[in-house]
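Asker: First, the structure itself, so that you have it in front of you.
The values are calculated or read from the model by the stated rules, or taken from the named source; none is laboratory data. Note that the coordinates shown come from a computational prediction; the quantities given were computed from them, not determined experimentally. Cβ placement follows ideal geometry from the backbone for every residue including glycine, while neighbour counts extend to all protein chains displayed.
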């Protein structure tokens, strides 16, 4: 399939999924958290469908465009988005930092996600953010809609339209079927690397955590109920207390999980939210702040 056809198919699938979902009643959306705040627009990439986001130690944000496969850098809130690299395989997805400081970029976050468990045509490249140089990192994954890197360099990758969660070991060995969890999306490791947290986007929507020492025994943290069944949770993160914070594609809420099956909205009014990332450094997109990127090409502080 040509790249243009892949992108068209992916976008068509997204439109169909979102349209079908938003026509369903959502009367029981999550209540607002006591510390909820209004989102503030801090950046945009016109015409882009943002899938991944990460911030470096200097407070610069990087985002991926699912359409063009490009990686953009924003030096600070309000700054223009500058393209720094292009993923040659297309379908640029999740972002994460490798131990050597390179930016890992998942690819295959396009129509390949539908057959990823069988074809395993997705993978990861590493980008030097200073030069824009792109080099292969891993291949043979189901998809890389979510990425997380452990302290020892182990990388985890998810596929929200499949069931396989992949793992790349520090020696480069790829285990595409490390765990099985239908519609796992996003990826965030606990502070001690004992658990990989993932959103469940389309199948039994909610959040699970997978014990890294026992991937065959995933644990549900929260199952969304009522109107939130149709929220389509996406690329989550963990807050400093280890609580999952989950953006939603459809309901437009940013949900915080406060305990088993207890959650509230820290922000609302942001449909098409795809991923959350924490700030870093003392300037720009700085430490202590949380940012949302979305399929609408916009970046908000929440």
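Asker: In the stretch 48-60, what count of residues is obtained for those that are over 16 Å from residue 131 (Cα atoms) and either free of Cβ contacts under 8 Å to residues at least 12 places away in the same chain or touching a strand residue (DSSP E or B) at 6+ places or on another chain (Cβ under 8 Å) (or both)?
Answerer: The number of residues fulfilling the criteria is 8.
Asker: Can you pull out every residue in the stretch 250-264 that is surrounded by fewer than 21 Cβ atoms within 10 Å (Cβ to Cβ) and either touching a strand residue (DSSP E or B) at 6+ places or on another chain (Cβ under 6 Å) or in a strand (DSSP E or B) (or both)?
Answerer: 258, 259, 261, 262, 264, listed by residue number.
Asker: Of the numbered conditions (1) in contact (Cβ under 8 Å) with a residue 12 or more places away in the chain; (2) touching a strand residue (DSSP E or B) at 6+ places or on another chain (Cβ under 7 Å), residue 67 fails exactly one; give the number of that condition.
Answerer: It is condition (2) that residue 67 fails.
Asker: Can you confirm whether residue 242 is loosely packed, with under 15 Cβ neighbours inside 10 Å, modelled with pLDDT of 95 or more and under 19 Å from residue 290 (Cα atoms)?
Answerer: Yes.
Asker: Could you please find all residues in the stretch 134-159 being farther than 15 Å from residue 196 by Cα and touching a residue at least 40 places away in the same chain (Cβ under 8 Å)?
Answerer: Listed by number, the residues that qualify are 134, 143.
Asker: Scan the stretch 82-95 residue by residue and report those that are under 18 Å from residue 130 (Cα atoms) and crowded, with 23+ Cβ neighbours inside 10 Å.
Answerer: 85, 87, 95
Asker: Okay, moving on. Report yes if residue 177 is more than 15 Å from the chain's Cα centre (by Cα) and assigned to a loop (DSSP other than H, G, I, E, B), otherwise no.
Answerer: No: the conditions fail for residue 177.
Asker: Would it be correct to say that residue 269 is outside any strand (DSSP E or B), surrounded by 15 or more Cβ atoms within 10 Å (Cβ to Cβ) and over 18 Å from the mean Cα position of the chain (by Cα)?
Answerer: no
Asker: Same structure, new question: Answer with yes or no whether residue 198 is modelled with pLDDT of 95 or more, closer than 24 Å to residue 86 by Cβ and in contact with a strand residue (DSSP E or B) (Cβ under 8 Å, 6 or more places away or on another chain).
Answerer: Answer is no for this residue.
Asker: Next question. Taking into account only those residues within the stretch 278-293 that are part of a strand (DSSP E or B) and surrounded by fewer than 23 Cβ atoms within 10 Å (Cβ to Cβ), which is farthest from the chain's Cα centre (by Cα)?
Answerer: Among those that are part of a strand (DSSP E or B) and surrounded by fewer than 23 Cβ atoms within 10 Å (Cβ to Cβ), it is 290.
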